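Here the structure comes first, spelled out in structure tokens, and everything after it is commentary.
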Amino acid sequence: MKDVYILGIESSCDETSVSIVKNGRVDIATVISSQIDIHKNYGGVVPEIASREHVKNITFVIEECLEKANMKMDDIDAIAVTYGPGLIGSLLIGLEAAKTLAFVYNKPLVPVHHIAGHIYANSLEKEMSFPLLALVVSGGHTELVLMKNHFEFEKLGGTLDDAVGECYDKVARVLNLEYPGGPKVDKLAHIGSCTYNLPVPLQDDSYNFSFSGLKSAVINLNHKAEQKGEQINKEDLAASFQKVAISSIVNKTKRALIDFDIKNLIIAGGVAANMGLREEVQKVADELNVNLTIPSMKYCTDNGTMIAAAGYYAYNLGRRADLYLNSKSSDKLN
Ligand code: KG4
Ligand code: ZN
């Protein structure tokens, strides 16, 4: 069978990334231009600045990726692009670039949901086997998704309020850690001990999550300490927070695996980089004899590789968009 090369474009937040992936599994070339150094001066992503940076970067990133792969646009079978969810101004830049390439070079345009991209980052590690349970943990999503086949997403449950990544970022701010805060909380958590008593979120029979109560508890604890002139032990608070946050995710994941008798588990999204989560999920997988796939660290944060990988399977299913495709700041996983 002829090899299929997909060029994937991702610009939903603060990374401008383009990648060429062969047959949905092999990363031929990936270029990521990160804006972290710019946004960290503001303590988080400033949407207007992010869009402007994408405008500056996108053509260079596309050219660099083709050069790195030693390929021309003629060698590409289709263009996959993140159409949403994400920051609307940021999404538009990648989307317009993708549409322009599709139009000029007469290539099919394949729309990819950002979270589908995070899920398909796993196909770069191992061929995906179904049925599988996808634990989606990112800055905007916390969901348990059952997949019986490619691009069949059945949501079992999700967060009722904040996403886990959002909660990590908030805790990082409380602890005065530089943006992006999630990985720094993770690091501190490994040094500290669980000495702070924090509320365990939503211990019910659903597959839903809740992080706003936990977030508020951390904020209040810090506030009270400040009022009393006491010092917070950052490492211990990070460890206490991480234990509660991760165990609530892992417990519900374990129950879903048992209830639906699923033997394949994947983790998707930026928080898949969390060391505590990776360790705890591995323990559950070992205990239940479940095949676990976790994306390598470089594919946990936003990248065009995962979009090209997802784009390959979407392309095979005949998914296409026309040049009227618009970006969406929010959209159901599909
Ligand atoms: O998947 P992602 O790009 O977000 C969305 O697509 O919505 O992930 C970004 C999120 C941020 O909230 C970031 O703090 C978090 O992932 N994150 C982590 C870690 N690395 C990234 N959170 C906890 N521990 C980490 N090691
Ligand atoms: Zn993401």
At 7 Å along the Cα-to-beta-carbon direction for both I258 and Q231, put a label point, then send me their distance in nm to one decimal.
-> 4.3 nm
Looking at the P(r) of segment 129-294, how many percent of alpha-carbon pairs lie beyond 20 Å?
-> 49 percent
Please name which of Y5, Y42, L66 has its Cα lying farthest along the dipole of segment 1-90 towards the positive end, using unit charges on Cβ (Lys, Arg +1; Asp, Glu -1) and the Cα centre as origin.
-> Y5
Above-threshold pairs, the threshold being 30 Å between Cα atoms, out of K2/K254; K215/K328; K126/K170; K22/K332 = K2/K254; K126/K170
Remind me, relative contact order of segment 61-219 in percent, using alpha carbon pairs under 8 angstrom and six or more residues apart?
-> 15 percent
With DSSP loop assignment and no more than 14 other C-beta atoms within 10 Å, the GluC sites (Glu not before Pro) in segment 74-163 are E125, E127, E152
Shape category assigned to segment 1-136 from the gyration tensor of Cα positions, a/c cut at 1.5 | oblate
Hey, what's the Kirkwood Rh for the chain if you take every pair of different alpha carbons, in angstrom?
-> 20.3 Å
T195 to K298: FRET efficiency via 1/(1 + (r/R0)^6), r the Cβ-Cβ distance, R0 35 Å, to the nearest 0.05?
-> 0.55
Would you mind classifying segment 231-322 by shape? Square roots of the alpha carbon gyration tensor eigenvalues, ordered a ≥ b ≥ c; an a/c under 1.5 is rounded, otherwise it is prolate if a/b is larger than b/c and oblate if not.
-> oblate
Note on segment 129-294: contact order normalised by length, alpha-carbon pairs under 8 Å, 6 or more apart, percent, works out to 27 percent
Taking amide hydrogens as modeled 1.01 Å from N in the peptide plane, which residues meet the under 5 Å criterion relative to I76, leaving out close sequence neighbours?
-> none
If the cut-off is a Cα-Cα distance under 14 Å, which aspartates and glutamates reach K155, setting aside same-chain residues fewer than 8 apart in sequence?
-> E143, D331
Helix 164-174: angle to the longest alpha-carbon principal axis of the chain, degrees 0 to 90, nearest 10?
-> 60 degrees
Among 276-284, 4-12, 99-107, the order from most to least packed when residues are scored by Cβ within 10 Å on average = 4-12, 276-284, 99-107
Under 14 Å from the Cβ of D77, count the other residues' Cβ atoms, weight Lys and Arg +1, Asp and Glu -1, and hand me the total.
-> +3
Over the chain, what is the relative contact order in whole percent, taking alpha-carbon pairs under 8 Å and six or more residues apart?
-> 26 percent
On average, how much accessible surface per residue is there in the chain, in Å², for a 1.4 Å probe, leaving out ligands, DNA and RNA?
-> 44 Å²
D331 and N106 label points (each 7 Å along its Cα→Cβ direction) are spaced in nm at 2.7 nm
Rounded to the nearest 10 degrees, the helix 275-288 long axis (Cα) sits at an angle to the longest Cα principal axis of the chain of 90 degrees
Dipole magnitude (debye, nearest 20) for segment 193-278, charges at Cβ of Lys, Arg, Asp, Glu = 140 debye
Report, in degrees rounded to the nearest 10, the 0 to 90 angle that the Cα long axis of helix 47-69 makes with the longest principal axis of the chain.
-> 50 degrees
Heavy-atom accessible surface of the chain: percent carbon and sulfur, 1.4 Å | 49 percent
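The values are calculated or read from the model by the stated rules, or taken from the named source; none is laboratory data. This structure is a prediction, so every number in the text was calculated from the model and none was measured. All Cβ positions, glycine included, derive from the backbone under ideal geometry; neighbour counts span all protein chains shown. With ligands, DNA and RNA removed, areas are computed over all heavy atoms of the protein, side chains included. Shrake-Rupley method; radii C 1.70, N 1.55, O 1.52, S 1.80 Å.
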